[in-house]
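Student: Attaching a single structure in structure tokens format; questions to follow.
The values are calculated or read from the model by the stated rules, or taken from the named source; none is laboratory data. Since the structure is predicted, the reported quantities are computational estimates derived from the model, not experimental observations. Quick reminder, even Gly has a Cβ in these numbers, built from the backbone with ideal geometry, and neighbours come from all protein chains shown.
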Amino acid sequence: MANAKGDSSKVWSVFSLVAALGGAAVARKVLDKGWQVGTGKKPPENPADPDVQVWEAVAWAALTGAVVAIARMFAQRRAAHYYQKSTGALPPPLRKDGQ
């Protein structure tokens, strides 16, 4: 018989990964469009490129890092909520002692 805890942990890992990647992809598209609207030019493809102005590289790196991390967090929280509604329990890594 399969280990139910191990199976649910694997399901959660895949579900969480897909949610995080999806959230990051959506955030990146929104960021790209917002950068174009705000600055009137494309976002830097490689902020490490010496041809990219330092302010632009720093702003893009900070904005991208923060927004993508927040989007991933919200996507994973939503996935955890869906998992809990579907199974009646929190995903294994989010369970507290005794759950």
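Student: (1) in contact with a helix residue (DSSP H, G or I) (Cβ under 6 Å, 6 or more places away or on another chain); (2) under 30 Å from PRO91 (Cβ atoms): which one isn't true of ALA69, the others all being true?
Tutor: Checking ALA69 against (1) in contact with a helix residue (DSSP H, G or I) (Cβ under 6 Å, 6 or more places away or on another chain); (2) under 30 Å from PRO91 (Cβ atoms), the one that fails is (1).
Student: Follow-up question, since we're still on this one. Restricting the search to segment 45-99, which residues are of a type in the set (S, T, N, Q) and in contact with a Leu (Cβ under 7 Å, 6 or more places away or on another chain)?
Tutor: Listed by number, the residues that qualify are THR64, GLN84, GLN99.
Student: Shifting gears a bit: Mind listing whichever residues of segment 57-90 are farther than 21 Å from ALA24 by Cα and surrounded by 12 or more Cβ atoms within 10 Å (Cβ to Cβ)?
Tutor: GLN84, THR87, ALA89, LEU90
Student: Any residue in segment 67-96 that's touching a residue at least 12 places away in the same chain (Cβ under 8 Å) and of a type in the set (Phe, Trp, Tyr): show its pairings with residues that are surrounded by fewer than 16 Cβ atoms within 10 Å (Cβ to Cβ) and in a loop (DSSP other than H, G, I, E, B) at Cβ separation under 8 Å, as long as the two are six or more apart or on different chains.
Tutor: Matching pairs, first to second residue: TYR83/LEU90.
Student: Quick check, is GLU56 among the acidic types (Asp, Glu) and assigned to a helix (DSSP H, G or I)?
Tutor: Judged against the criteria, GLU56 is a match.
Student: Got a sec? Which of LYS33, LYS96 is at pLDDT below 90 and either exposed (fewer than 10 other Cβ atoms within 10 Å of the Cβ) or closer than 24 Å to VAL18 by Cβ (or both)?
Tutor: LYS96
Student: Right, here's the next one. For segment 39-48, enumerate the residues that are surrounded by 11 or more Cβ atoms within 10 Å (Cβ to Cβ) and either in a helix (DSSP H, G or I) or among the acidic types (Asp, Glu) (or both).
Tutor: Residue satisfying the conditions is THR39 alone.
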